[in-house]
Amino acid sequence: MAAILLDIGPGDEIIMPSFTFVSTANSFVLRGGVPVFVDIRADTLNLDDMKIEAAITSRTKAIVPVHYAGVACDMENIICIAERHRLRVVEDAAQAFMSTYNGRGVGTLGELGTVSFHETKNVTSGEGGALLINHSDWIEMAETIWEKGTNRARFIRGELDKYTWVNVGSSFLPSEIGAAFLLAQLEEAETIMASRLRSWNQYHEGFAALEAAGKVRRPMIPAHCTHNAHTYYLLLPDSKTRDLLIERLSAVGIQAVSHYVPLHDSPAGKRYGRTEGDLSVTQSAGSCLIRLPLWAGMADEQTRTVIEETIDIIEKF
Ligand SMILES: *Cc1c(COP(=O)(O)O)cnc(C)c1O
């Protein structure tokens, strides 16, 4: 929906990190856009704002900061760069629902923000999401894109006596059943976040000594940000120890996973996108990061077990 609203067409370039999920790129590629992959910063694993300007060309239309693990990008800097070069900002806040940046909700800082309610996210309706729109005069157009390119929403409000096809669109709206499920999730959103934060903080304290010993790196939360505990991850020194840790945790019944195969290294990423500069931080995060189990309702005892097993394995390396 964001790509249609911004009128992205063939050859338009969209600056985004390679260290993200495929949906970030797909939405623009579906309109003929070209993802331009830029490296991430080593501290938050978010789009490196210092490397954006080198990627800007006369074809650049938008910047898509992805708030990895629910931790905000440096939005002040990114918006400043976008304004200087007259580019749009679409926040990929898929993982960041309820996180804040300088006291404002993440996803509400750019011109458009996208939130995911996929089953893997904190608040879910199975599949689905929300588009946050910062321009009131874009809302009517968004509504038609949402409803298969028709003005049916206006018809239902009694503003028209029949509805018709007015522009390109699709079936972006949720089903009644999905929406009912989501409503119940939203009513519990604070409880869900508090429970996840409890486990997240337990992990963070539990691994402090391991980080001090130089054996892992823990997530970094910038001072002006609050986060929603979407993910707890650790960065290992290299891919060999990361893979071994995944294997040994699995042997004791703990599922931990890597994240992500960088898009610029994927078959479709190579076909549809281009890379700007060196992506060494992306490469290193893709091969050294491990995500630990985290869910709403995780018992302290379970988190403690994961911490103890992880420390035990790493100390034997
Ligand atoms: C989950 C996710 C998405 C969106 O996924 P959908 O399946 O389209 O809801 C987009 N970007 C990131 C970074 C994600 O984690």
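Bear in mind that the values in this text are calculations on the coordinates, not laboratory data. These figures come from a predicted structure and were not determined experimentally. So basically every Cβ, Gly included, is an ideal-geometry build from the backbone, and we count neighbours across all protein chains shown.
Observations, loosely collected:
- Mean residue ellipticity, 222 nm, helices only, the chain: the sum of -39500 (n - 2.57) across DSSP H runs of n ≥ 4, divided by residue count and rounded to 500, is -10500 deg cm²/dmol.
- Sites listed here are trypsin sites (Lys or Arg not before Pro) in segment 91-162 whose DSSP assignment is loop and whose Cβ has at most 10 other Cβ atoms within 10 Å: Arg157, Lys162.
- Dipole of the chain [Lys/Arg +1, Asp/Glu -1 at C-beta], most positive-end residue of Val34, Ser18, Phe117: Val34
- Using bins of 10 Å that start at zero, the share of Cα-Cα pairs per bin across segment 228-303 amounts to 17, 39, 30, 12, 2, in whole %.
- For segment 64-202, the Rg and Dmax computed from alpha carbons only, in angstrom: 17.1, 58
- Of the trypsin sites (Lys or Arg not before Pro) found in segment 6-92, those in coil by DSSP whose Cβ has at most 12 other Cβ atoms within 10 Å are Arg59, Arg86.
- Magnitude of the charge dipole for the chain, about its Cα centre and with charges confined to Cβ atoms of Lys, Arg (+1) and Asp, Glu (-1), is about 540 debye.
- Loop-resident GluC sites (Glu not before Pro) (DSSP state other than H, G, I, E or B) in segment 71-145 with no more than 12 further Cβ atoms inside 10 Å of their Cβ: Glu119, Glu127.
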